[in-house]
1. What does the charge count near Ala64 come to, summing +1 for each Lys or Arg and -1 for each Asp or Glu among other residues with Cβ under 13 Å from its Cβ?
2. If you scale each eigenvalue of the Cα gyration tensor by 5 and take the root, what three semi-axes come out for region 54-95, rounded to whole angstrom and sorted largest first?
3. Over region 24-84, consider all pairs of different Cα atoms and compute the Kirkwood hydrodynamic radius from their mean reciprocal separation; express it in Å, one decimal.
Amino acid sequence: MTVLVLDRRGLLLGGAAAALAAGTRVRAENGTVRVTIENLAFVPAEMEVKVGDTIERVNKDPIAHTATVNGRWEVMIPAGATATRVVEAGDGVEYYCRFHPNMTGRIVIRG
Ligand SMILES: [Cu+2]
């Protein structure tokens, strides 16, 4: 299921934030990596983790977002909330927000 909720403001903010975040890849420290969601973007957009690490997504926007991989998993992050998910084998993927498909992120599994 795909829900397209796009508006001009969202596209512009998401594009700018994604450009700023490009090229930044963080690694988990002490088994946890934090992704901040702000202005319709995942920051950092790319992370390097190991199976068993926890990804913590902090939503600073006043609207809900998701981290979604079609047919695999979805994490719902309500406005102002934090959601976590433990990295599983095969999670080296790109994900996106189901509500704002221009929001994308990438998980890289370190061997
Ligand atoms: Cu979203």
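1. Net charge around Ala64: +1.
2. Values: eigenvalues 79, 25, 9 Å².
Largest first, region 54-95 gives 20, 11, 7 Å.
3. Working: mean 1/r = 0.0841 Å⁻¹.
About 11.9 Å for region 24-84.
No lab work stands behind these numbers, since they all come straight from the coordinates. Quick caveat: nothing in here was measured; it's all calculated off a predicted structure. FYI the Cβ positions are ideal-geometry reconstructions off the backbone, even for glycines, and counts take in every protein chain you see.
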